[in-house]
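S.K.: This structure is in structure tokens; I'll ask about it shortly.
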Number of protein chains: 2
Amino acid sequence: MSLKPGHADPEGEVTARSLRELGYRVRSVKVSKIYRIELEAKSQEEARAHVEEMCWRLLANPVKDDYIIVFER
Amino acid sequence: MSLKPGHADPEGEVTARSLRELGYRVRSVKVSKIYRIELEAKSQEEARAHVEEMCWRLLANPVKDDYIIVFER
């Protein structure tokens, strides 16, 4: 889950500023998040459908968040 | 950046509970973070050394955080 281009990333900006104050030549910092979800499902199709739903119902803000979904068995 | 095994992940636990309340059969949720840092360096070796330093000086908590560093040019 990462911010859509053009959206302010306050955590990244504060981190970049702190790193510059420590003397590092940092151009930018962008922070994104991984939710590693273990779930029960009858098939990979069902799992994918449920995770898509979870994203729009709870995890992602459609105005500012982009996301990709990756599966492991 | 992810939590070391055995460390409580309150954000993941709250997310898992909320997803269960929405009806999903979620076993667990673990949250980790990616810092995408654009920095200036003379070589990949210098960049790696600086990022290692940034981790222990600012980004990671050595008691609870594990991290891996990945480079792109």
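S.K.: In segment A:19-46, which residue that is outside any strand (DSSP E or B) and at the interface with chain B (Cβ under 7 Å from one of its Cβ atoms) is farthest from B:ILE34 (Cα to Cα)?
M.R.: A:GLU40
S.K.: Based on this model, can you work out whether A:ALA49 counts as over 19 Å from B:GLY12 (Cβ atoms) and more than 10 Å from chain B (Cβ to nearest Cβ)?
M.R.: Here the answer is yes, as A:ALA49 does meet what is asked.
S.K.: For segment B:50-73, name all the residues that are among the acidic types (Asp, Glu) and modelled with pLDDT under 90.
M.R.: Matches in segment B:50-73: B:GLU72 only.
S.K.: Can you pull out the residues in segment A:34-49 that are among the hydroxyl-bearing types (Ser, Thr, Tyr) and modelled with pLDDT of 95 or more?
M.R.: Within segment A:34-49, A:TYR35 is the sole residue that qualifies.
The values are calculated or read from the model by the stated rules, or taken from the named source; none is laboratory data. Note that the structure is a prediction, hence the values are computed from the model and not measured. Neighbour counts run over all protein chains shown; Cβ positions are idealised from the backbone, glycine included.
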